[in-house]
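Chemist: To start, I am sharing the structure in question, which I have written as structure tokens.
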Amino acid sequence: MELNIYNTSGAETGKKVALSDKVFGVEPNDHAIYLDVKQYLANQRQGTHKTKQRNEVAGSTRKLKRQKGTGGARAGSIMSPLFVGGGRIFGPQPRDYSFKLNKKLKQLARRSALAYKAKGDAITVVEDFTFETPKTKSFIAMAESLKLGGKKLLVIVPETNHNVTLSARNLQNVKVVPAANVNTYDVMNAGALLMSEGSVGIINEMLA
């Protein structure tokens, strides 16, 4: 598959770039995508949730009422989960939500996500670019020139570029990532991909 390369003004440069069929032309595997996204979201969880059990709640150890003769159930502790202010039964405890996925499955998931974007004509390739100074207005102008204004955008650059990253940081629907850090969640979560020319070769080589 070949795509035209545009400049930052939205005009065709006359050059084309080849997207590897081994990456962008595979038959998407929905279950691999599901597992990879599930792992990504699980890894974002801190797992620091905690409630107190009856042995952790502060309270008197006095027996509330006599054992027999009251006509009610036995009650020996104000810290019982049955009373207001008592412990929580089977409440959440700190835990690690992360789990392991095989490397080949994660690669398949990323290829599948990129293949979906390629099939949906949601990939735009622009020649390698940077900004002299971080300026959000410059980034917005470029996106609008490429007819990507207002879309949820994933911008893939060859390597970390602070001026580009800072220019897009204040835009709610834009995320800039180096090609080596592209993940399934970001690709599927974006409405369109804006790939710089240099990043295409890195992804072709990394996932082929």
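Chemist: I'm told H49 meets every condition in (1) part of a loop (DSSP other than H, G, I, E, B); (2) within 30 Å of M195 (Cα to Cα) except one. Can you identify the failing condition by its number?
Modeler: Unmet condition: (2).
Chemist: Kindly indicate which of P81, P94 is in contact (Cβ under 8 Å) with a residue 12 or more places away in the chain and open to solvent by 50 Å² or more (accessible area, probe 1.4 Å). Lay out the reasoning, then the answer.
Modeler: Numbers: P81 fails: open to solvent by 50 Å² or more (accessible area, probe 1.4 Å).
On inspection, the qualifying residue turns out to be P94.
Chemist: Here are R74, R111, R88: which of them is within 30 Å of V182 (Cα to Cα) and surrounded by 11 or more Cβ atoms within 10 Å (Cβ to Cβ)?
Modeler: Result of the check over R74, R111, R88: R111.
Chemist: Only one residue in Q46, Q53 is among the polar types (S, T, N, Q), open to solvent by 70 Å² or more (accessible area, probe 1.4 Å) and under 23 Å from N181 (Cβ atoms). Which one?
Modeler: Q46
Chemist: Tally time: how many residues in segment 16-43 are open to solvent by 20 Å² or more (accessible area, probe 1.4 Å) and either small (G, A, S) or free of Cβ contacts under 8 Å to residues at least 24 places away in the same chain (or both)?
Modeler: 8
Chemist: For residues that are at pLDDT 95 or above and part of a loop (DSSP other than H, G, I, E, B), tally how many sit in segment 102-121.
Modeler: Result for segment 102-121: 1.
Chemist: Next question. K106 fails exactly one of the following numbered conditions: (1) more than 30 Å from N43 (Cβ to Cβ); (2) of a type in the set (D, E, K, R); (3) surrounded by 13 or more Cβ atoms within 10 Å (Cβ to Cβ). What is the number of that condition?
Modeler: (1)
The values are calculated or read from the model by the stated rules, or taken from the named source; none is laboratory data. Fair warning: this is a prediction, and the values are worked out from it, not measured in the lab. For neighbour counting, all protein chains shown are included, and Cβ atoms are generated from backbone atoms with ideal geometry for every residue, glycine included. Note: accessible area is taken over every heavy atom of the protein model, side chains too, but ligands, DNA and RNA are not part of it. Shrake-Rupley method; radii C 1.70, N 1.55, O 1.52, S 1.80 Å.
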